[in-house]
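Everything on this sheet refers to the single structure shown next.
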Amino acid sequence: QSVVSQPPSASGTPGQRVTISCSGTSSNIDNNYVSWYQQLPGTAPKLLIHRNDQRPSGVPDRFSASKSGTSASLAISGLRADDEADYFCAAWDDSLSGWVFGGGTKLTVL
Amino acid sequence: QVQLQESGPGLLKPSETLSLTCAVSGSSIRSYHYWGWIRQPPGKGLEWIESIYHSGSSSYNPSLKSRVAISIDMSKNQFSLKLSSVTVADTAVYYCARHTGALVSDPFDLWGQGTMVTVSS
């Protein structure tokens, strides 16, 4: 079981807004930056969000994120078929002195 | 552009030592970045293994620390992973990745394509 937890699945229809939650503890999410990764089928993960809510160059502004205390969330607006992927949150954990990843959320576009 | 490429054996027997190398192209491994290894068992989530800076400073997942080692070869612009006493539970896709900055707590902004490693007798 992951130190950081995510719902295993989420879904939405094209054009909708969906959110994916990420729950951790005071030693990881509460005390450190959260990053989010998108993993399209059969490919390597891609950095989607860093420093809680910052988008790297090239990431559409349809993707946004926030953090409050020990929880974080990723929002995808204007859902598209090619957003169908696995999404992972991650944070440094001060107690473990290491990176922890959420278990991942499989997003299905209906 | 900067690219990372993993290489190593795809199949090992239990108790053997896994050795993987990540070749970095388009950038010097001496740049202000940590470099790391992450793995993903089939159908499962991501697990960070270890990371290293060109100074030699390194950090390991506590659950794997007794079995892993990481090294960096600046002359070849590559870094390597060794995982000893492998079991079937070590079967996974292994990714090398670059941290965004010079802190091990910086996230991973660039990933290799991954290499599948299977442990089977």
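The table for this structure:
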{"item": "Gyration tensor over alpha-carbon atoms, the range A:36-81, equivalent ellipsoid semi-axes in Å", "result": "18, 13, 11"}
{"item": "Over the range A:45-110, equivalent-ellipsoid semi-axes from the Cα gyration tensor in Å", "result": "22, 14, 11"}
{"item": "Rounded accessible area per residue of the range B:33-99, 1.4 Å, Å²", "result": "39 Å²"}
{"item": "Cβ-derived FRET efficiency at R0 45 Å, residue B:44 paired with residue B:75, nearest 0.05", "result": "0.80"}
{"item": "Share of carbon and sulfur in the accessible heavy-atom surface of chain B [1.4 Å probe, %]", "result": "50 percent"}
{"item": "Peptide-level mean, for B:108-117, of C-beta atoms on other protein chains within 10 Å", "result": "3"}
{"item": "Isotropically averaged projected area of chain B, using the convex hull of Cα atoms (one quarter of hull area), nm²", "result": "6.9 nm²"}
{"item": "Relative intensity, log₁₀ I(q)/I(0), of the protein assembly as shown from a Debye sum that treats every alpha carbon as a point, q = 0.08, 0.14, 0.16 Å⁻¹", "result": "-0.28, -0.87, -1.12"}
{"item": "Summed buried accessible area for B+A [probe radius 1.4 Å, Å², rounded to 100]", "result": "1400 Å²"}
{"item": "Share of carbon and sulfur in the accessible heavy-atom surface of chain A [1.4 Å probe, %]", "result": "45 percent"}
{"item": "Compactness relative to 2.2 N^0.38 Å, alpha carbon Rg of the range B:18-62", "result": "1.31"}
{"item": "For chain A: Kirkwood Rh in Å [reciprocal of mean 1/r, alpha carbons]", "result": "13.7 Å"}
{"item": "Relative contact order, percent, the range B:43-114 [alpha-carbon distance under 8 Å, six or more residues apart]", "result": "20 percent"}
{"item": "Relative contact order (%) - chain A, alpha-carbon pairs under 8 angstrom, separation at least six", "result": "39 percent"}
{"item": "Whole-angstrom gap from the range B:76-121 to the range A:57-83, using each part's C-alpha centre", "result": "26 Å"}
{"item": "Shielding by other protein chains, A:99-107, mean Cβ within 10 Å", "result": "4"}
{"item": "Calculated from backbone phi, Karplus (6.51, -1.76, 1.60) coupling profile of the range B:81-94 in Hz, x at Gly/Pro", "result": "10, 10, 10, 8, 6, 5, 10, 4, 5, 8, 5, 5, 8, 9"}
{"item": "Per residue value of the accessible surface for the range A:21-110 (all protein chains in place, 1.4 Å probe), Å²", "result": "42 Å²"}
{"item": "Members of the range B:51-84 that become less accessible by 30 Å² or more once partner protein chains are added (1.4 angstrom probe, chain alone as reference)", "result": "B:62"}
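The values are calculated or read from the model by the stated rules, or taken from the named source; none is laboratory data. Note that this is a predicted model, so its numbers are computed, not measured. So basically every Cβ, Gly included, is an ideal-geometry build from the backbone, and we count neighbours across all protein chains shown. Only protein heavy atoms, including side chains, enter the accessible area calculation; ligands, DNA and RNA are left aside. Shrake-Rupley method; radii C 1.70, N 1.55, O 1.52, S 1.80 Å.
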